[in-house]
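Only one structure is covered here, and it is reproduced in the block below.
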Amino acid sequence: MRPASLDELVGQQHVLGPDKPLRRMLQQGALSSLILWGPPGVGKTSLAHVIAAQVDAVFTELSAVSAGVKDVRRIIDEGRARRELRDRGTVLFIDEIHRFTKSQQDALLPGVEAGWVTLVGATTENPYFELNAPLLSRCQLLRLEPLTDEEVRAVIEHACTDRERGYCGRVTLDDAAVEHLLAVADGDARVALRTLEVAVSAASGSDPSAAVALTRGDVEDAMRTFRYDKSADGHYDQVSAFIKSLRGSDPDAAVYWLLRMLESGEDPRFLARRMVIFASEDVGLADRQALPLAVAAFEALDRVGLPEARYALVHAALGLATAPKSNSVARALSAGLGVVARTGNADVPAHLRDSHYRGAADLGHGAGYQYPHDEPDGFAAAQTYLPASLEGTRIYTPSPHGHEGAIATRVAELRARAVKARRTPDERADEEGTS
């Protein structure tokens, strides 16, 4: 049920009050492009619908989750024709506008600048971080606040009693049910209404017109239905399941969790970032193409946008799930940080210091440095690269998996040659005497 006028909107009096600029603007029949920024369920979409009705404009709605540049350009072209032929405006409402890529946001600029469409974008994310500066500069930013318990209570009561868009008085809730519904809604009217709808449907049974008296237990049962919240436990549990499916080399489960989160409204950039991290942390050098594949999927998402970029994300997920696995990069990172923490600022060996400035040679910088490319096989076996106090320290331990198996063989060979070449004369004499 959606409000039909500004007076029916609940809350947000700091932007909708009698003396506020938005109300005065709408009363005059004028409207500038807006960005509505606020948490879920505070009335952003409802406000957009009411705004369009107030200015007598055609209302067109897009979801940033599924729309592409082609959809944006089509609506702008329609808005231009409508303005030129009929002198009527077009309100383009874009829900979750923060999910638009840079190219998709850029596609909005000509239409907004020329006035062919009036943009009303809704976002739960900070627009200063998520929206292009040129687009944001052409819009008025309105920050909406979470609804109070009393405002959510008013929404519930209206839904129960409204004769045209509500339950016409056939639904009642006891005090415990109302208080629990307010607690779980936490200022989100959409959660309150959806929970109420599920509870009424379950209690009505086969008779949708039956009188219903809801209890706290009815509300609790309704809350057990699936609901994904990217800031709650369900978010972290599903991301965990996705990563563990990739690590466990199960492509079916990996694609399932990826698409389930995308369809539930998860930020695709978050999922792309997780795959880039996974490519180094859990695949590493076992498959040298894993990291380029994940980065390419991230770039495709930025350049193409959803829904088409789902192909690239699924592509990357399948590649990572089926790749050989190695955590040697993660182990090297941990071991390296441990060494750095323990040893502090160990001196850089003189032969490794910068010698490209006047006086460096007098300080002994670069003295004795062996240029590896001067060696027949490009490897100066006797040369050391760690601080003297760390000579012989091992940070990287390659795995035998996938491509890294060949790397393990080469690293072992080079390290053996280095150990042999770096022996002192006394050590060589001892070895020869022993043999």
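The values are calculated or read from the model by the stated rules, or taken from the named source; none is laboratory data. Bear in mind that the values here come from a model prediction, so they are computed numbers and not experimental data. All Cβ positions, glycine included, derive from the backbone under ideal geometry; neighbour counts span all protein chains shown. Heads up: the accessible areas ignore ligands, DNA and RNA and are worked out on the full protein's heavy atoms, side chains in. Shrake-Rupley method; radii C 1.70, N 1.55, O 1.52, S 1.80 Å.
Some notes on this structure:
- Conditions (1) closer than 22 Å to residue 109 by Cα; (2) at pLDDT below 85; (3) touching a strand residue (DSSP E or B) at 6+ places or on another chain (Cβ under 9 Å): number failed by residue 53: (1)
- Some residue of region 140-149 being more than 30 Å from residue 101 (Cβ to Cβ) and open to solvent by 20 Å² or more (accessible area, probe 1.4 Å): yes
- Index of the failed condition, residue 115 passing every other in (1) buried (at least 20 other Cβ atoms within 10 Å of the Cβ); (2) closer than 16 Å to residue 52 by Cβ: (1)
- Of the residues making up region 76-102, those that are in a helix (DSSP H, G or I), surrounded by 21 or more Cβ atoms within 10 Å (Cβ to Cβ) and under 27 Å from the mean Cα position of the chain (by Cα) are 97, 98, 99.
- Which numbered condition residue 126 fails, given (1) surrounded by 14 or more Cβ atoms within 10 Å (Cβ to Cβ); (2) within 31 Å of the chain's Cα centre (by Cα): (1)
- Residue 56 open to solvent by 10 Å² or more (accessible area, probe 1.4 Å), touching a residue at least 12 places away in the same chain (Cβ under 8 Å) and part of a loop (DSSP other than H, G, I, E, B): yes
- Residue among 195, 172, 161 that is free of Cβ contacts under 8 Å to residues at least 40 places away in the same chain, on the phi < 0 side of the Ramachandran plot, among the hydroxyl-bearing types (Ser, Thr, Tyr) and surrounded by fewer than 19 Cβ atoms within 10 Å (Cβ to Cβ): 161
- When residues of region 385-401 are limited to those that are among the polar types (S, T, N, Q) and modelled with pLDDT of 85 or more, the one surrounded by the most Cβ atoms within 10 Å (Cβ to Cβ): 399
- Of all the numbered requirements in (1) of a type in the set (A, V, I, L, M); (2) in contact (Cβ under 8 Å) with a residue 40 or more places away in the chain; (3) in contact with a Gly (Cβ under 9 Å, 6 or more places away or on another chain), residue 317 misses one, and that requirement is (3).
- Any hit, region 162-172, residues being in contact with a Leu (Cβ under 6 Å, 6 or more places away or on another chain) and not β-branched (Val, Ile, Thr): no
- When residues of region 204-234 are limited to those that are hydrophobic (A, V, I, L, M, F, W, C) and either modelled with pLDDT of 85 or more or in contact with a Gly (Cβ under 6 Å, 6 or more places away or on another chain) (or both), the one surrounded by the most Cβ atoms within 10 Å (Cβ to Cβ): 219
- Test: residue in region 64-73 that is in a helix (DSSP H, G or I) and farther than 25 Å from residue 301 by Cα: no
- Condition met for residue 358 (more than 39 Å from the chain's Cα centre (by Cα), part of a loop (DSSP other than H, G, I, E, B), loosely packed, with under 11 Cβ neighbours inside 10 Å and without any contact (Cβ under 8 Å) to a residue 24 or more places away in the chain): yes
- Failed condition for residue 304, given (1) surrounded by fewer than 17 Cβ atoms within 10 Å (Cβ to Cβ); (2) at pLDDT below 95: (1)
- Identity of the residue in region 361-392, in a helix (DSSP H, G or I) and under 16 Å from residue 347 (Cβ atoms), that ends up farthest from the chain's Cα centre (by Cα): 363
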